[in-house]
Structure formats: structure tokens, C-alpha cells
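Here's the structure we're looking at; comments come further down.
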Amino acid sequence: MKQLRNMLLLVLMAILCFSCGKKQEVVPIDKHSIIPVPVSVAAESGSFTLSNKTTIVLQSDPAQVQMVAEYLKSSIGEFTGLDLVIGQDDKDNAIVLSLDGGASPHEEGYSLSISDKKILIAAPAPEGLFYGIQTLKQLIPAHEGSAKGSTNQFLIPTGTVQDHPEYAYRGMMLDVARHFFTVEEVKKLIDQIAVYKINHLHLHLSDDQGWRIEIKSWPLLTTIGGANQVGGGKGGFYTQEDYKEIVSYAQSRFITIVPEIDMPGHTNSALNAYGILNPGITVPEKTAIAIDRKELGLEDDPDATPYHTGIEVGFSTLDTDSPVTYKFIEDVIREISEMTPGPYFHIGGDESHVTEMKDYIPFIEKAQSIVSKYGKKSLGWDEVAHAKLLPTSVAQYWAKAENAILAIEQGAQVLISPAVKAYLDMQYDSTTHLGLHWAAYIELDEAYNWDPTELEEQIRRENILGVEAPLWTETIITYADIEYMVFPRLAAIAEIAWSPKSARNWEDFRRRIVWHGQRWEAQGKNFYRSPKVEW
Ligand code: TNX
């Protein structure tokens, strides 16, 4: 009898121990792996049990939060296998989404409060709810659809997070001109970068090798200018419907599309489509156009330049004296602006090596004023600061600090993208099989360990609109190539753009990124396993 009692006791203890052991598996919220690291995190000792019995509850105006609620439901479903119900009643075992203005004084801020019975995400605007959801998703201890049936439970640590971004503009750029990427691929990228609270996607829509956006008043831009890419190949372009689809998908992830048409240089694809835009500079292999036009059933255009499939830059320019050029850029800026709800139009302006400065400056000023005529703010690579900038214009610092400072002296803001730190097409080290290294090799710690306010004394916090990481695609051909160059470095850049400098720390980032690697692995993402991290 006594033996039986002892055995029962042992079994009981084992069960207790097992469950207490299980409890200990809950990583406290302040030992989290959240990227970007939040402004403040306070831990409590319990846990919330996420299961199929959890309801997503919409407080405030349900219409406004419906979209984020559906996003929460589907994205939690993806990596837990749970199927949460969206409801209206406030009850226990709920994730409550509330547009409570009092929660955070910051436009994009949010607070996340997790108790044993309830998770409350409160924000003054829907974007804050979306960011709170991104944080919550990173606290769920699952990476693949592991829930089977209604019994599956995921323990989320209790505590609170108060958070808001350091910079208003947190961006990535994708060059779709050197190699074209489809609407589906761009949407996938949007989903992947939204996780890190990136809120701008800059699309480099034209360059010497390809013109990627349909302009109805200049149809050959895409039929001829879009039919190539680096290394040869079929190229491609977005119809206006495609572009609108990208814009609206991005909006559903609180990402603003920033369209770029590079000018007056980097324009060979336009000069190849319409000879009339050429200042008549001599370029080799002029015969190539004739062949191509005949294939397309078009008349030969003796003034057109040949198409370009190499990666050299700086040889092309629009004719800055010709009225046709200004009709052309106005048509392009108008048609694209009309489809772009975001505030920016990027006019490029980089590496116009064959445009004389005396021609370049008035050209940029005219382009800038056409951009404002169509209600947009003009963004341009740092060289545009040689021209007289409007106070609403933004210069994107990629190469020369003195240009960024010139822009600041004119009252413009700067977007920080130093090639030596933020260029996602730079190789990680000398063994990286993709990318270039003209600016630097950028290992993960190099991408992380810098701050926009510490680059130059004259570039101060108030001059900085934000941070953007560009991916140029001369060597990037497939979606897997994109992933390899973007991850994990974009997570580092996103933390620079979102988190306060005082909260950032390389050793801690290095620890946190491991968890992200596990989730990427479960998602089948082709990320770079940096040797700086113990994956
Ligand atoms: C410089 S960055 C360029 C691009 C290239 C890139 C390659 C900038 C404004 N111009 O045309 O694609 O280097 O890293």
C-alpha cells in the first residue's frame, strides 16, 4: 500500500516537474529576440496561452482595423497552424486591437500589453497596430505550422512593450531595371520586409539596361526599352495595372512605394526606344538597334542608341536642351504620380558623367519643379544637391558627404544610404558569389555597427529623414539571390532606422538574430549564414 502510495507520489511529482519544466520554457519578454529592438520592454512572470480558442477582438472602429486583424490571423496561422476567429466581444483569451489614441503619442507607435488572460495592442493609428502585431509575432515560440487540432498551445510571456520608430522613413530599394522581378516577387519581398517595420519600398524603375513601367503616352519605352536586361535576356515591365497592384499590396502592409525614374543619366533604355531623346552622343554598336526593331516590326530609328546589357555606368544622357525631353519627363512624371499615393517621386540624378554640370543643374531644377507640379516631393541621389533644391526635396546620401551637406545647407532633408554600410548589393566578404565590392565588403556587423548621426558632424538628427538600404541587381538574377543579399543585413538596417541608438547593441543583436534565422529556415528563406553569428 505504502509502496503504491510512493509510486503514485513519484508519478505525480514527475508530472508536476514535467509541467513546471515546460513552464520554464517560456522565455521572459525581456530576454526576447525582437528585431528591431523596442524602445522599452517590461517583463512579468506569467504567460498567455495562444490556442485555437483565442479570439482576435476588434475594438474601436472595426472597419479600420479589419485589415490588420485579418493580417494577424493569417500570419499567425502560417507559422503556428492555428486558425483564430475574429470577433467583436471583449472577453478573456483574446488578442484585442484598439485604436486608442492615448496609448502612444507617436504616430506610428504602439503599446503591447500581455497578461495571462489577454493581449492588448493599442495604437493611435492602424500602422501602430500593424507594428504591434509584428512584435507579437516574434514572441510566439513556433516557426512552422506545428499546431494540430485544438489542443495545441503556444505560451507567450507576459509583460509590456512600449515602442515607436526613431525615423519616419525606413526603406529598402529594389533595382528592377538591371534585372526584372515580377509582381509576385515584389509582393513576397514586401511581406518579408514588413516584418522588420520597413515602411518604404523604393523601386528603381528605369536604367540603362531596362525601362520597367508602362507609360501610355510613350509606348516604346516598354516594348523596346523593357525588352532587355543585364547579360541579355527578355527583361520585362510592369503594366500600369501591375504597378497599381504593387502599390495597393504595399499599402496593406503599410509600405509606401517610392517610384524612381533615373535622369538625365542612366537613361539608355529610353534613348534606345526613342532616338528623338538623344543628344547624338556616339555609342558603339549602333547596328544592334536596327536588328531589334525589325524583329519588332518597327521602322529603323537612326538616332536611337543600341541597347545596353553591360554593367558600366555614366555614358548616357537625355538632351537637356531639347523641349522634347521636358515633354517626355513631364508625361512620365505625370502618369506615374497619378498612380502613386505616396508623397515622393525619385528623379535619380546620379552618375550623369556625360551631362555637363552647366546642363545638369537646370535639368534637375526643371525636373524637381515638374515633380512638385504633380503634387510630389522630389527625391534624388546626393548629386542633385548641386542644383537649387526646394525645402521639401530630399537628397539621398549614397556616395559623397559633401553633397549631403550641400543639401542640408539648402534646408533639404537627407535620406541616409551610405554605400559602404547600407548597400545590400555589396558582397559580405571576398568569397560571396553574388554582388559587387566597389564600395566595401559589408559583413553583418559592418551593416549593424553605425549610426546615421555619427557619419558627419554636419549631418544631424533633425536633418535626417530616415535610412534606406538599396539592392542594385547587376548580379542578382533570382528571388533566392535577393534573399541571400537582403537577409540578415536588412534586419540590421531596420534596427538602425527604428530603434533608439541607446537600445542598440551588436552583441545583443547577434544573439537575437539567431531566432530569426530559425524562422527564416522554417520558411525556406535563402539567407546568408554570417560567420559572425552562432546560428
Ligand atoms: C552605383 S548608387 C549606382 C548604381 C549601381 C550601383 C552598384 C547609385 C546612385 N548609382 O547605378 O547599380 O552603384 O552598386
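Modelled with pLDDT of 90 or more and either under 27 Å from Lys525 (Cβ atoms) or surrounded by 16 or more Cβ atoms within 10 Å (Cβ to Cβ) (or both), is that true of Gly145? For Gly145, the condition - modelled with pLDDT of 90 or more and either under 27 Å from Lys525 (Cβ atoms) or surrounded by 16 or more Cβ atoms within 10 Å (Cβ to Cβ) (or both) - is not met. Once segment 274-296 is narrowed to residues that are at pLDDT below 65 and part of a loop (DSSP other than H, G, I, E, B), the residue that is surrounded by the fewest Cβ atoms within 10 Å (Cβ to Cβ) is Thr282.
Glu127: free of Cβ contacts under 8 Å to residues at least 24 places away in the same chain and surrounded by fewer than 22 Cβ atoms within 10 Å (Cβ to Cβ), yes or no? It is false that Glu127 is free of Cβ contacts under 8 Å to residues at least 24 places away in the same chain and surrounded by fewer than 22 Cβ atoms within 10 Å (Cβ to Cβ).
Can you find a residue in segment 180-195 that is crowded, with 21+ Cβ neighbours inside 10 Å, over 23 Å from Lys117 (Cα atoms), out of contact with any Phe, Trp or Tyr (no Cβ under 7 Å at 6 or more places or on another chain) and not hydrophobic (A, V, I, L, M, F, W, C)? Among the residues of segment 180-195, not one is crowded, with 21+ Cβ neighbours inside 10 Å, over 23 Å from Lys117 (Cα atoms), out of contact with any Phe, Trp or Tyr (no Cβ under 7 Å at 6 or more places or on another chain) and not hydrophobic (A, V, I, L, M, F, W, C), which makes the answer no. Within segment 236-275, the set of residues being within 16 Å of the ligand (Cβ to nearest atom) and on the phi > 0 side of the Ramachandran plot comprises His266 only. Among the criteria (1) part of a loop (DSSP other than H, G, I, E, B); (2) away from the ligand (no atom under 14 Å from the Cβ); (3) without any contact (Cβ under 8 Å) to a residue 60 or more places away in the chain, the one Tyr441 does not fulfil is (2). Of note, Gln413 satisfies the criterion of being over 21 Å from Tyr479 (Cβ atoms), over 19 Å from the mean Cα position of the chain (by Cα) and in contact (Cβ under 8 Å) with a residue 40 or more places away in the chain. Kindly indicate whether any position in segment 183-195 is in a loop (DSSP other than H, G, I, E, B) and within 18 Å of Pro488 (Cα to Cα). Yes, segment 183-195 has at least one match. In segment 472-483, the residue that is farthest from the ligand (Cβ to nearest atom) out of those that are within 11 Å of Asp425 (Cβ to Cβ) and surrounded by fewer than 23 Cβ atoms within 10 Å (Cβ to Cβ) is Asp481. Thr182 passes every criterion in (1) farther than 20 Å from Ala469 by Cβ; (2) touching a residue at least 60 places away in the same chain (Cβ under 8 Å) apart from (2). Taken together, the residues in segment 63-86 that are surrounded by 14 or more Cβ atoms within 10 Å (Cβ to Cβ) and free of Cβ contacts under 8 Å to residues at least 40 places away in the same chain amount to 5.
Asn228: out of contact with any strand residue (DSSP E or B) (no Cβ under 6 Å at 6 or more places or on another chain) and touching a residue at least 40 places away in the same chain (Cβ under 8 Å), yes or no? Here the answer is no, as Asn228 does not meet what is asked. From the list Leu174, Leu155, Leu220, the lone residue that is within 16 Å of the ligand (Cβ to nearest atom), of a type outside the set (D, E, K, R) and either in contact (Cβ under 8 Å) with a residue 24 or more places away in the chain or out of contact with any His (no Cβ under 9 Å at 6 or more places or on another chain) (or both) is Leu174.
The values are calculated or read from the model by the stated rules, or taken from the named source; none is laboratory data. Since the structure is predicted, the reported quantities are computational estimates derived from the model, not experimental observations. Neighbour counts are summed over all protein chains in view; Cβ atoms, including those assigned to glycine, are modelled from backbone coordinates with ideal geometry.
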